[in-house]
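The values are calculated or read from the model by the stated rules, or taken from the named source; none is laboratory data. Model, not experiment: these values are computed from the prediction. Using ideal geometry, Cβ is built from the backbone for each residue, glycine included, and neighbour counts are taken over all protein chains shown.
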Amino acid sequence: MSTTVFTTDPSKTIAPGFLVASPKLDDTPFERAVVVMIQHDDEGAMGFILNKPLEIDFGSLIESVNEELVPHLRPESFEKPVHFGGPVRIEQLWMIFRRNIEGEEDSAANQRLLHKMREPGDGALTFCDGWYLAASGDLIEGFAMGHQHGAHRPFIGYAGWGPGQLESEIEDGSWLMLDFDDDFLFDRGATVHWDEALERLGVDPTAFLMMAKSGLA
């Protein structure tokens, strides 16, 4: 049986990009996870698991924390699942989104959103051209009520690594790296499939699992 060796360069920044879990992470919160990376530098790394939807939807979650917003919530918000982003800060709701500028009205709400994005420390940051991460309740509620438009995905918790921790895990073979592609981030329905991520890397998922069981992965 031939052995395939997957090489990585953990010295380069991974954000923005994706991490694809290897079978080494089975039986952990990262089993068959696909993680979008928001930040990676000398101080550590931060990302969100894309393919672990929870049983609660976005509208119901907002409703549970702020009943006053119930009459204003978009029906579509009750169809959007909230995802488990990772085991860190699971009490915090986060939003990854892309603001839809073309064809959008120059409303007061949109002007407030733009103003918030320019303010340091407001809970929103850009991690790739046109893409944002928000922890601000006002910004997140704006999507639930339809005041803001564009692709968006809510998360509870995030994945975090200390200095050098992620690099060590990559060298150990726990993760494969995949280049950033916004189509892959949002245009996959409710889940992002681990199999498809491996196929993009030219890795056969079945063979990958067999190699792991034989200790070759």
task = Please work out which residue is nearest to the chain's Cα centre (by Cα), limiting yourself to the stretch 66-77 and to residues that are closer than 19 Å to residue 156 by Cβ and of a type in the set (A, V, I, L, M).
result = 73
request  = Kindly provide the set of residues from the stretch 78-96 that are surrounded by 23 or more Cβ atoms within 10 Å (Cβ to Cβ) and more than 13 Å from residue 152 (Cβ to Cβ), ordered by number.
outcome  = 85, 86
inquiry  = Suppose we keep only residues that are touching a Ser or Thr at 6+ places or on another chain (Cβ under 8 Å) and crowded, with 22+ Cβ neighbours inside 10 Å within the stretch 134-166. Which one would you say is modelled with the lowest pLDDT?
reply    = 143
